[in-house]
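One structure is given here, and the rest of the page talks about it.
The values are calculated or read from the model by the stated rules, or taken from the named source; none is laboratory data. Treat the numbers as computed from the prediction; the structure is a model and nothing was measured. No Cβ is skipped: glycine too gets one built from the backbone with ideal geometry, and neighbour counts run over all protein chains shown.
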Amino acid sequence: ANRGLPAIAPSKSGSTQNMAANIRVVVRVRPLNEKEMELNNRIVVDVVDDKMLVFDPKEEVRPFFYQGVQQPNKNFLKRANKELKFVFDNVCGQSATNKDVFELTTKDILASLMEGYNCSVFVYGATGAGKTFTMIGNNEHPGITYLTMEHLFYTINSFEKDREFDIGVSYIEVYNENVYDLLKPSRTPLQLREDSKYGVMVAGLTLNSIKTARELLNMLENGNKNRTQHPTDANAESSRSHAVFQVYVKMRYKTSSQLRIVKLSMIDLAGSERASATGCVGERFKEGANINKSLLSLGNCINRLADGGSYIPYRDSKLTRLLKDSLGGNCKTVMIANVSPSSVSYEDTYNTLKYAARANKIQLSIKKNIVDGDMRMSQYVKVIEELKKKVKEL
Ligand code: ADP
Ligand code: MG
């Protein structure tokens, strides 16, 4: 929730030169789970407002509520106290719903999609941090994939006077640097191709035509059953693969019969925890190595794009090759970094925030808005200056 601080909207339109404006980074801090509550772990993330958080705060964090009940936070004295301030495009605290996250992330990029630009959305974070909850959710709290599709169908309606639409969806898994079709039970690795009209294509991939967002849910559920799951010491249900949901929007203009195809990619990334931390050996370790390779090169590509670099190392991994036509240029990219507030995940949370901070060049976009001159902006200027230094050091 916004605690009376000014809403600073990073510049969006009219700045296609500025790649930073095309990458949006949102951090979501999930509520403590029951186990973390029982252990009475200390809370290492303090959500200050809708843009700022403090990692490993010195002072006791604001009262923490679990299922509406205020919880004591006894262990606050034994702190390492990194006291690191982070500013992102948005920070969502424990009370944020999937709907709130949707409003702050993918809702706006649909306009870009309708203008003809590919878009991509990532959920990043350690296993158990809330990636799949954010992306898929459950019946009670549908995730941003569903909410985005619902909004896409709604958006399309308003364009139907002059365009005809055809929506096709695919669901892919990238596992051990191989690409699999989650909508097919068979596990044959598929090849990537580049097509002049469709962009990057996966040869032989199922493309399901859908007419409503509801149809999508069954499809995602079935697809998820085909995902690679292996128990590891860290988490019995950890997912060691990247799940890539892609929506192809075919638009045919009624006046010119011109055809345009745009793509929205929504990616539930594999757990970002280090392979060594999960005590993996052999095949599991190889998975870990490949997962890190994909996450690392995704990070590299996004950093180069945010810096305005000309050479983007897409070819370094399967994931970045697959998303080559959906990252950079006028493509809108949203990175949602999921973290747990508990000290149990101290290292993972710290690493995730660093990864997100590297992708986030908000200082460029915020500065422009500062001209409007709200008194309280000055506090951001200071924090941003500190952050600039820190990001360089990371
Ligand atoms: P990941 O996909 O990152 O491994 P999950 O999304 O599966 O993590 O989340 C781990 C557990 O925490 C799940 O049981 C999930 O329902 C729960 N959870 C995650 N985020 C939230 C949230 N914002 N609110 C309530 N429960 C959550
Ligand atoms: Mg998951």
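Observations, loosely collected:
- Consider region 84-118 and keep the residues that are more than 16 Å from ligand 2 (Cβ to nearest atom) and in contact with a Ser or Thr (Cβ under 7 Å, 6 or more places away or on another chain). The one that is farthest from A337 (Cα to Cα) is M114.
- Scan of region 199-210 for residues that are surrounded by 14 or more Cβ atoms within 10 Å (Cβ to Cβ) and more than 16 Å from G223 (Cα to Cα), ordered by number: G199, V200, M201, V202
- Taken over region 164-208, the residue count meeting the criterion of being within 19 Å of Y253 (Cα to Cα) and at pLDDT 90 or above is 5.
- Every pair of residues 6+ apart whose Cβ atoms lie under 7 Å, when the first sits in region 259-272 and is within 19 Å of E221 (Cα to Cα) while the second is among the charged types (D, E, K, R) and at pLDDT below 90: A270/R240
- The conditions of being outside any helix (DSSP H, G or I), closer than 30 Å to N41 by Cα and either away from ligand 2 (no atom under 16 Å from the Cβ) or in contact with a strand residue (DSSP E or B) (Cβ under 9 Å, 6 or more places away or on another chain) (or both) are met by I336.
- Of all residues in region 135-155 being out of contact with any Gly (no Cβ under 6 Å at 6 or more places or on another chain) and β-branched (V, I, T), the one that is surrounded by the fewest Cβ atoms within 10 Å (Cβ to Cβ): T155
- Enumeration of residues in region 98-142 that are hydroxyl-bearing (S, T, Y), out of contact with any strand residue (DSSP E or B) (no Cβ under 6 Å at 6 or more places or on another chain) and more than 8 Å from ligand 1 (Cβ to nearest atom): Y117
- The residues of region 70-106 that are out of contact with any Leu (no Cβ under 9 Å at 6 or more places or on another chain), at pLDDT below 65 and not charged (D, E, K, R), listed by number, are Q70, P72, N73, N75, F76, L77, A80.
- Residue list for region 300-319, filter: outside any helix (DSSP H, G or I) and aliphatic (A, V, I, L, M): I312
- Selection of region 119-148 for residues being over 14 Å from F245 (Cβ atoms), of a type in the set (S, T, N, Q) and away from ligand 2 (no atom under 16 Å from the Cβ) yields only N139.
- Output for region 226-239, where each listed residue is within 10 Å of ligand 2 (Cβ to nearest atom) and at pLDDT 50 or above: R227, Q229, S239
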